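Working notes for the structure below.
Please treat every number below as a calculation from the coordinates, not as lab data. Not measured: the values here are computed from a predicted model. No Cβ is skipped: glycine too gets one built from the backbone with ideal geometry, and neighbour counts run over all protein chains shown.
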Amino acid sequence: MPTNVQTANRALIQDAFTRWGAGQFDIFNLLSDDAVWHITGQDPDIARTYPSRQALLDATSFPLKARLAGPLRPTVRKIWADGDDVLVHWDGVAAFRDGSEYRNTYLWVMTVRDSRVVAVTAFLDNAAFKAALAKPAG
């Protein structure tokens, strides 16, 4: 049986993804300033731990946005909640400025405290993300 915390955390993340998908919200606004974000994998350029919201944005989000013609749009496959952790399995798609398409599938394990995300472990196709960052920025 889900607890009140699980239900509230799941609803918070579901609402954030719904609004993000509609172009009404930046998912990274849920992160606390000192949120720790870990990208799994073996590629040292991509798979590492970012010690703050700003470090993550500077190294990943801003560079990706600079290469896209429009926003990344999420399609949620499933959301689970377990205590403070909310797991989101989702697909992201966006057009690059050169007309090709970025596609990736993600699983984010997000730790929520007081309606803020304080930690994330992100599983994704590192090669696809790295290839996206290798494209020319606009």
Residue in the range 45-60 that is surrounded by the fewest Cβ atoms within 10 Å (Cβ to Cβ), counting only those that are outside any loop (DSSP other than H, G, I, E, B) and charged (D, E, K, R): ASP58
Hey, can you tell me all the residues within the range 61-70 that are loosely packed, with under 14 Cβ neighbours inside 10 Å and either touching a strand residue (DSSP E or B) at 6+ places or on another chain (Cβ under 9 Å) or touching a residue at least 40 places away in the same chain (Cβ under 8 Å) (or both)? ALA66, GLY70
Please work out which residue is nearest to THR75 (Cα to Cα), limiting yourself to the range 13-44 and to residues that are part of a loop (DSSP other than H, G, I, E, B) and of a type in the set (Gly, Ala, Ser). ALA22
For the range 122-135, the count of residues that are in contact with a strand residue (DSSP E or B) (Cβ under 9 Å, 6 or more places away or on another chain), touching a residue at least 12 places away in the same chain (Cβ under 8 Å) and either in a strand (DSSP E or B) or of a type outside the set (D, E, K, R) (or both) equals 7
Restricted to the range 80-119, and to residues that are more than 19 Å from ASN4 (Cα to Cα) and basic (Lys, Arg), which residue is nearest to the chain's Cα centre (by Cα)? ARG103
Residue count, the range 20-38 (criterion: surrounded by fewer than 21 Cβ atoms within 10 Å (Cβ to Cβ) and within 16 Å of LEU124 (Cβ to Cβ)): 3
Which numbered condition ALA94 misses (of (1) within 28 Å of GLY138 (Cα to Cα); (2) in a helix (DSSP H, G or I); (3) in contact with a helix residue (DSSP H, G or I) (Cβ under 9 Å, 6 or more places away or on another chain)): (2)
Quick one: would you say SER115 is among the polar types (S, T, N, Q) and either in contact (Cβ under 8 Å) with a residue 40 or more places away in the chain or buried (at least 18 other Cβ atoms within 10 Å of the Cβ) (or both)? yes
Kindly indicate whether TYR102 is without any contact (Cβ under 8 Å) to a residue 60 or more places away in the chain, closer than 24 Å to ASP33 by Cβ, part of a strand (DSSP E or B) and touching a Leu at 6+ places or on another chain (Cβ under 9 Å). no
Test ALA122 against the criterion of being surrounded by 15 or more Cβ atoms within 10 Å (Cβ to Cβ), over 23 Å from GLN42 (Cβ atoms) and either of a type in the set (D, E, K, R) or touching a Leu at 6+ places or on another chain (Cβ under 9 Å) (or both), and give yes or no. no
So ARG10 clears everything in (1) among the basic types (Lys, Arg); (2) surrounded by fewer than 18 Cβ atoms within 10 Å (Cβ to Cβ); (3) part of a helix (DSSP H, G or I) except one condition, right? Which one? (2)
